[in-house]
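One structure below.
Only the coordinates and a few stated rules stand behind these numbers; no lab work does. For clarity, every value in this text was computed on a predicted model and none was experimentally measured. No Cβ is skipped: glycine too gets one built from the backbone with ideal geometry, and neighbour counts run over all protein chains shown.
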Amino acid sequence: MHISHRQHFFDHIAQTSDYPLALEIDRAEGVFMYGTDGKKYLDLISGIGVSNVGHRHPEVLAAIHQQLDKHMHLLVYGEFVQSTQVQLAKALVDTLSFEPEIASPFGKIDNVYFTNSGTEAVEGAMKLAKRFTGRAEFISCFNAYHGATQGALSLSGAEHFKRSFRPLLPEIKNITHGNPEDLLQITSKTAAVIIEIVGGESGVRVPSADYIKMLRKRCSEVGALLILDEVQTGFGRTGSFWAFEQYDIYPDILLSAKGMGGGMPIGAFMSSQRIMSVFKNNPILGHITTFGGHPVSSASALAALRVTLKEKLPEKAIAKGELFKSLLVHPKIKEVRGKGLMLAAEMESFDALKQTIDQCIEKGVITDWFLFCDNSMRLAPPLIITEEQIREGCAVILEVLG
Ligand code: PMP
């Protein structure tokens, strides 16, 4: 990558990437980003599943402006009611009224705790599961990513990512995503299993419906909570508002962030009131935040949620994902995996992938890789992408592959 001429950007910006792309973006609109040199880019990654309704959706912008005219931060430990939060919580709960084949033993989710990010949603959920079950053991999947702080990092299933930070939380076990035999590791000692229905940073791994149903049943049998991390899969990304709807099960705790904010930072952990009530004085309060569910982020999230439902973006993502799969047929692409618009195109090697990504960017199409899968190309465009734009993007990828 020819970034030496852009190296000065990092004189004072801490850089943790080995491969900084360092494109200087001036503005973004819909599915496009524009460089400071005026160059136009088709965005096929959405800031990693964030800009699901597109960059700067007009209804999201209007909601943000309206909220800015009223108030920004107040205080939400119970002192003041931020009405955008109340409306957003109701709208989220309304998306969760789905009747699954296999329910949660604790009933429907009707309580939302707002955070600033996905990582904080994970941290809150871990504390909630510990307090509710009185147990301390967590189970997560190999190659899963749930965040970068100490608790969330402890859940990571990539040893090289954790090694230099040990000791982390004890009593964490990793299982293989999709492997039914491993479910026996979930026992009456387990506080919770945390899983992404479709594995994200592991390179988009889609499990069978049977596996997810067995997982739900096993958790209920041994009294472990099932935490679904829908930080990346939620808000329509996989072809339904929540990915778990397609698996006909229901979680005990649900996590959201990324696409939820419509481009603003916000996250949430959600559960039934029965579970969440242990966070009240017990004997001391369970969890607090200053900025979680910021009014401007909440207004943005509520608008993004409404746009997602009104424009039927989840349903439409299914056919759009299939279009990607049908177009990306090439001897250098081993397979295109995924659900809806959460896709991975597997190449022969890391070098082949890197070269393809670089050349696509030269030609104005932005793709990316995954944290824990170094041979697959991330394809996760804004859900508003049109069929024509998908054809244009795929034509560039195929042209680069030769
Ligand atoms: N969970 C999953 C599944 C994620 O993909 C991510 C972010 N890549 C996180 C949690 C952490 O979210 P954040 O970066 O907002 O803290």
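Please report, in whole Å³, the volume per residue of the convex hull around the C-alpha atoms of the stretch 52-160. List each step's numbers first, then the result.
Working: hull volume 20.1 nm³, N = 109.
Here the figure is 184 Å³ per residue.
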**Asked** How would you order 243-252, 14-23, 82-91 from highest to lowest mean count of nearby Cβ atoms within 10 Å?
**Response** 243-252, 82-91, 14-23
**Prompt:** For LYS325, which lysines qualify as cross-link partners when the Cα separation must be under 25 Å and same-chain residues fewer than eight apart are set aside?
**Reply:** LYS40, LYS258, LYS312, LYS316, LYS334, LYS339, LYS354, LYS363
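So for the chain: antiparallel DSSP bridges make up what percent, rounded to the nearest 5? Show your work: numbers first, answer last.
Working: 29 of 46 bridges.
That works out to approximately 65 percent antiparallel.
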**Fill in**
Against the 2.2 N^0.38 Å rule of thumb, the C-alpha Rg of the stretch 218-285 sits at a ratio of 1.28
**Request:** Compute the convex hull volume of the Cα atoms of the stretch 1-77, divide it by the residue count, and report the result per residue in Å³ as a whole number.
**Result:** 184
**Request:** Send over the Kirkwood Rh of the chain, from the inverse of the averaged 1/r over different Cα pairs, rounded to one decimal Å.
**Result:** 21.8
**Fill in**
Relative to the compact-globule estimate 2.2 N^0.38 Å (N residues), the Cα gyration radius of the stretch 32-115 stands at a ratio of 1.54
**Item:** Two-site label geometry, ALA91 and LYS310: point separation in nm, points 7 Å out along Cα→Cβ
**Value:** 0.9
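Which ordering of LEU313, LEU327 is given by a fewest-first count of other beta-carbon atoms within 10 Å? List each step's numbers first, then the result.
Values: LEU313 26, LEU327 16.
By the 10 Å Cβ count, ascending: LEU327, LEU313.
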**Asked** So, in nm, how far is label MET214 from label ASP26 when the simple model puts each one 7 Å beyond its Cα toward the Cβ?
**Response** 5.6
**Asked** When the C-alpha atoms of the stretch 147-254 are aligned to their principal axes, what extent does each axis show, in angstrom, from largest down?
**Response** 38, 31, 22
**Request:** Between ASP18 and THR187, take the C-beta separation as r, use R0 = 60 Å, and let me know the FRET efficiency to the nearest 0.05.
**Result:** 0.95
**Prompt:** In nanometres, what is the gap between the two model label sites at ARG163 and PHE350, each 7 Å from Cα along Cα-to-Cβ?
**Reply:** 1.3
**Prompt:** Between ILE212, ASN179, GLY234, whose Cα lies farthest towards the positive end of the dipole of the stretch 175-303 when Lys and Arg beta carbons carry +1 and Asp and Glu beta carbons carry -1, centred on the Cα centre?
**Reply:** GLY234
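Based on the Cβ-Cβ distance from GLU221 to LYS40, what FRET efficiency comes out when R0 is 60 Å, to the nearest 0.05? Could the numbers behind the result be given before it?
Details: r = 54 Å, r/R0 = 0.90.
The computed FRET efficiency comes out at 0.65.
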